[in-house]
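Participant: If you scroll down you'll find the structure; I have some questions about it.
The values are calculated or read from the model by the stated rules, or taken from the named source; none is laboratory data. Everything quoted here is computed from the prediction, not taken from an experiment. Every residue, glycine among them, receives a Cβ derived from its backbone with ideal geometry; neighbour counts consider all protein chains shown.
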Amino acid sequence: MNERRVIGGRIRKVREAAGLSQEDIGDALSLSRSAVSQWEKGQSSPEAKHLEALSNVLKVSVDYLIHGKGKPPAKHTANGEEFRRSSVNRVRRLIATGALDGMLAELGYVKKKR
């Protein structure tokens, strides 16, 4: 198996154990969700600066992400504040992309004109 896919698999495993989405990681590193997705699929590799930041966000060592050595990730259970912050960030993304308007329209809510 190619090295990028192995590293990408570890990134995904640790991200999921931390209870974070690809968007959460992208937001934390000022990257797109698609960049994180590409890492996880082995289509690209994170730069050294992003590996360091990623290890801090995920609370594992860079050595664990690259070589699988060191302390494995602990299963994370989100507390209320983390869940609220994550939910607020997701709603902000929906508003910024205009996706919220489409979702509301599908539900029968019409945006009021001012």
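Participant: Using the structure shown, decide if ALA78 is at pLDDT below 75, within 16 Å of the chain's Cα centre (by Cα), exposed (fewer than 15 other Cβ atoms within 10 Å of the Cβ) and outside any helix (DSSP H, G or I).
Facilitator: When the stated conditions are applied, ALA78 passes them.
Participant: Just to be sure I understand, how many residues within the stretch 2-12 are surrounded by 15 or more Cβ atoms within 10 Å (Cβ to Cβ) and either among the charged types (D, E, K, R) or in contact with a Phe, Trp or Tyr (Cβ under 7 Å, 6 or more places away or on another chain) (or both)? Working first, answer last.
Facilitator: So the first thing to find is which residues in the stretch 2-12 are surrounded by 15 or more Cβ atoms within 10 Å (Cβ to Cβ), and the list is 4, 7-12.
Pick out the ones that are also either among the charged types (D, E, K, R) or in contact with a Phe, Trp or Tyr (Cβ under 7 Å, 6 or more places away or on another chain) (or both) and you get 4, 8, 10-12.
Matching residues across the stretch 2-12 total 5.
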